[in-house]
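Colleague: Below is one structure. I have some questions about it.
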Amino acid sequence: MDNICWPAIIKQQESEELIYLASERDWLEFCCLQPHIYDHQDQLLDTAGLTFDIVIEPTIDSSLMQVPQPTAELPQLEISQHPIDIVSFIHLVRQHAVLNGHCCSAKIVFSDVKQGIEAVAYLESI
């Protein structure tokens, strides 16, 4: 996960809501607190505009490990073969705003993913 530029957002396949993650710590907390909600098509989008698939690995037999790995069973992030374009991302942020009760979502525009993630953070703060 060293190549992820934080902050980032999670786009869940089954929801129009976006989940803002300020840091890797937020990602780890989210994984630990929400282990049952992952779909094979959920994605994380970072401020550099890279899209990552959230991959749920099969459970590792902990008895085979030399040293316990507390994060071994957490979802992994892999560069996606299906990146999101800026127009689609603007649409997602607008939908997220409407779901959270913000009016005039059609006025939300930005020129890059970083600005879009900042917009999601702002919408979460008000």
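The values are calculated or read from the model by the stated rules, or taken from the named source; none is laboratory data. Everything numeric in this text was worked out from a predicted model, so none of it was measured. Here the Cβ is made from the backbone with ideal geometry for all residues, glycine too, and neighbour counts use every protein chain on show.
Colleague: Residue under question is residue 89, and the condition is that it be of a type outside the set (Ser, Thr, Tyr), at pLDDT 95 or above and surrounded by 13 or more Cβ atoms within 10 Å (Cβ to Cβ); does it hold?
Modeller: Against the criterion (of a type outside the set (Ser, Thr, Tyr), at pLDDT 95 or above and surrounded by 13 or more Cβ atoms within 10 Å (Cβ to Cβ)), residue 89 qualifies.
Colleague: Suppose we filter the stretch 20-35 for residues that are in a helix (DSSP H, G or I), more than 21 Å from residue 100 (Cα to Cα) and of a type outside the set (Lys, Arg); how many remain?
Modeller: Looking only at that region, the number is 7.
Colleague: Please determine, by comparing only the residues of the stretch 39-56 that are part of a loop (DSSP other than H, G, I, E, B) and in contact with a Phe, Trp or Tyr (Cβ under 8 Å, 6 or more places away or on another chain), which one is modelled with the lowest pLDDT.
Modeller: It comes out as 56.
Colleague: Any residue in the stretch 110-124 that is of a type in the set (Gly, Ala, Ser) sitting within a Cβ distance under 8 Å of a residue that is loosely packed, with under 15 Cβ neighbours inside 10 Å and not in a helix (DSSP H, G or I)? List the pairs, counting only those 6 or more apart or interchain.
Modeller: Going by the 8 Å Cβ cut-off, the qualifying pairs are 121/22.
Colleague: Okay, next question. Name every residue in the stretch 70-126 that is under 13 Å from the mean Cα position of the chain (by Cα) and aromatic (Phe, Trp, Tyr), in order of residue number.
Modeller: Scanning the stretch 70-126 gives a single hit, 89.
Colleague: Then there is this: Looking at the stretch 114-126, which of its residues are of a type in the set (Asp, Glu) and modelled with pLDDT of 95 or more?
Modeller: Passing the criteria: only 118.
Colleague: Scan the stretch 67-126 for residues that are touching a Lys or Arg at 6+ places or on another chain (Cβ under 8 Å) and of a type in the set (A, V, I, L, M) and jot them down.
Modeller: Matches in the stretch 67-126: 84, 92, 106, 108.
Colleague: Shifting gears a bit: So which of 111, 80 ends up being modelled with pLDDT of 90 or more, surrounded by fewer than 10 Cβ atoms within 10 Å (Cβ to Cβ) and of a type outside the set (D, E, K, R)?
Modeller: 111
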